[in-house]
1. For the subset of the range 73-84 comprising residues that are crowded, with 16+ Cβ neighbours inside 10 Å and touching a helix residue (DSSP H, G or I) at 6+ places or on another chain (Cβ under 6 Å), which member is nearest to Asp16 (Cα to Cα)?
2. Go through the range 11-36 and report how many residues are in a helix (DSSP H, G or I), open to solvent by 50 Å² or more (accessible area, probe 1.4 Å) and within 20 Å of Lys76 (Cβ to Cβ).
3. Would you point out the residue of the range 37-65, among those that are open to solvent by 90 Å² or more (accessible area, probe 1.4 Å) and either within 16 Å of Glu10 (Cβ to Cβ) or among the hydrophobic types (A, V, I, L, M, F, W, C) (or both), that is farthest from the chain's Cα centre (by Cα)?
4. Quickly run through the range 29-41 and pick out the residues that are in contact (Cβ under 8 Å) with a residue 24 or more places away in the chain and charged (D, E, K, R).
5. So which pairs qualify, if the first residue must be in the range 75-91 and of a type in the set (A, V, I, L, M, F, W, C), the second must be surrounded by fewer than 17 Cβ atoms within 10 Å (Cβ to Cβ), the Cβ gap must be under 7 Å, and the two must be at least 6 apart or on different chains?
Amino acid sequence: MKANRSLLNEFANISDEELVKHYVATQRNVYFEHLYERYSQKVYRKCYSFVLDKSKAEDLTHDIFIKVVTKIGTFKENARFSTWLYSITYNYCLDSLRKVKRSKEQALEENMEFVEEKVDHEMLQMQAQGLKKSLEQISPAAVIL
């Protein structure tokens, strides 16, 4: 652990973009760990601003860094690493909220369908009971005529 800390301190003056290049070239975790140390709290705070729940924000942060480590080879220096990371964070959080909203809407639709089916069934039962009562009130002689 001390070796990792001293390596992290050694990279303190290296730019994000250089750390990305070194990580992609060597796949040594120490480079990515340093990026994580620099940005994990910022990503967490952005996630928290979306979900307002510590546990969910932690989960989103974890998922985002997994996505970043798998996509880091696609990073182009058209923008700064921090901008690229912010874009991933923002889009991932937004997509997460959309999924939750779609899930809630789907559950609401399913619930509404259930309620409609129940109401339809109850209406049919009431109509059948009304028809049965009406038939009971008709005299058999009126049916023959």
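1. The qualifying residue nearest to Asp16 (Cα to Cα) is Phe81.
2. Looking only at the range 11-36, we keep the residues that are in a helix (DSSP H, G or I), and these are 16-26, 29-36.
Subsequent filtering for residues that are open to solvent by 50 Å² or more (accessible area, probe 1.4 Å) retains 18, 21-22, 24-26, 29, 33, 36.
Narrowing the set further to residues that are within 20 Å of Lys76 (Cβ to Cβ) leaves 18, 21-22, 24-26.
Looking only at that region, the number is 6.
3. Looking at the filtered set, the residue picked out is Glu37.
4. Glu33, Glu37, listed by residue number.
5. Between residues of the range 75-91 that are of a type in the set (A, V, I, L, M, F, W, C) and residues that are surrounded by fewer than 17 Cβ atoms within 10 Å (Cβ to Cβ), the close pairs are Phe81/Glu17; Ile88/Lys67.
The values are calculated or read from the model by the stated rules, or taken from the named source; none is laboratory data. No experiment lies behind these values; they were computed from the predicted model shown. Heads up, the Cβs are rebuilt from the backbone with ideal geometry, glycines too, and the neighbour counts pull from every protein chain shown. To get the accessible areas, we keep the full protein, side chains included, count just its heavy atoms, and leave off ligands, DNA and RNA. Shrake-Rupley method; radii C 1.70, N 1.55, O 1.52, S 1.80 Å.
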